[in-house]
Each structure stands twice: as structure tokens, then as C-alpha cells.
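Accompanying notes for the structure given below.
The values are calculated or read from the model by the stated rules, or taken from the named source; none is laboratory data. Being a predicted model, the structure only gives us computed values, none of them experimental. Glycine also receives a Cβ, built like all others from the backbone with ideal geometry; neighbour counts cover every protein chain displayed.
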Amino acid sequence: MIKVTVFYPNADGKKFNMDYYCSKHIPMVQQKLGDALKGVAVEQGLGGAAPGSPATYIAMGHLYFDSAEAFQTAFGPHMAAIMEDTPNYTDIQPLIQISEVKM
């Protein structure tokens, strides 16, 4: 199984609308990616390792697929529509990582 993680780095003055992300963006992604998408998780950053320090990431979205190929096949045709929705919930440039889930 692989996990595609979308990181939204925390920075002063940046916006992130978690309500929109969870109620509109993620359901749209789920609909477009269909059965290839095996699971979804969303995290909201609360703080860093040191007490009172800010979270490194304001939010993270996780998408699970059987393989990198399954992700690419499902995501490719819908990439433009998914990316075009980004300004509706954030002005942060996301970072993306594809990982193999070991446990």
C-alpha cells in the first residue's frame, strides 16, 4: 500500500479553511478517484515538539492506494480539477510525498 501525503506548511499570514477542506475538497477528491482510493485521513497541526511552538504543518491530507501506479492512473485525469480547487481553502503551496506504508 502507498500513502500520498499533501503537507501544508505553517507560516505567518497563511490561510487554511479546514471546514471547506473536509466538507468539500476531500469529498470531491474521493468522488473523482473512486475505488482506487482505499482510504483518507486529514490532520490539523496543533503544535511543535517544544511546548508552545507552532505546528510545522497547518494541515496534512493522506490518500491511500494499493500502488503508485493505481494513484497515477486515478489522479492523472483529475489533477487539474483537484488542483484548481486549492485556492478555495488555502493560499499555501502544498508539498507532496508518496510513501510506502510498512505497518
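For every residue, the table says whether it meets (1) among the aliphatic types (A, V, I, L, M); (2) at pLDDT 95 or above; (3) over 15 Å from the mean Cα position of the chain (by Cα).
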| position | (1), (2), (3) |
| --- | --- |
| ASP66 | no, yes, yes |
| ALA74 | yes, yes, yes |
| THR86 | no, yes, no |
| TYR89 | no, yes, no |
| PRO94 | no, yes, no |
| LYS102 | no, yes, yes |
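For VAL29, indicate whether it is in contact with a Cys (Cβ under 7 Å, 6 or more places away or on another chain) and under 27 Å from LYS102 (Cα atoms).
So VAL29 does not fit the description; no.
Would you be able to say whether some residue in the stretch 46-61 is modelled with pLDDT of 95 or more, surrounded by fewer than 16 Cβ atoms within 10 Å (Cβ to Cβ), of a type outside the set (S, T, N, Q) and touching a Phe, Trp or Tyr at 6+ places or on another chain (Cβ under 7 Å)?
No, because not a single residue in the stretch 46-61 is modelled with pLDDT of 95 or more, surrounded by fewer than 16 Cβ atoms within 10 Å (Cβ to Cβ), of a type outside the set (S, T, N, Q) and touching a Phe, Trp or Tyr at 6+ places or on another chain (Cβ under 7 Å).
Could you please find all residues in the stretch 30-42 being surrounded by 14 or more Cβ atoms within 10 Å (Cβ to Cβ) and either β-branched (Val, Ile, Thr) or within 23 Å of PRO9 (Cα to Cα) (or both)?
Result: VAL40, VAL42.
Would you confirm whether any residue within the stretch 79-98 is surrounded by 13 or more Cβ atoms within 10 Å (Cβ to Cβ) and touching a Gly at 6+ places or on another chain (Cβ under 7 Å)?
no
Results for (1) in contact with a Gly (Cβ under 6 Å, 6 or more places away or on another chain); (2) among the polar types (S, T, N, Q); (3) at pLDDT 95 or above, shown as yes or no for each residue.
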{"site": "PHE16", "(1), (2), (3)": "no, no, yes"}
{"site": "ASP19", "(1), (2), (3)": "no, no, yes"}
{"site": "LYS24", "(1), (2), (3)": "no, no, yes"}
{"site": "PRO27", "(1), (2), (3)": "no, no, yes"}
{"site": "GLN31", "(1), (2), (3)": "no, yes, yes"}
{"site": "VAL42", "(1), (2), (3)": "yes, no, yes"}
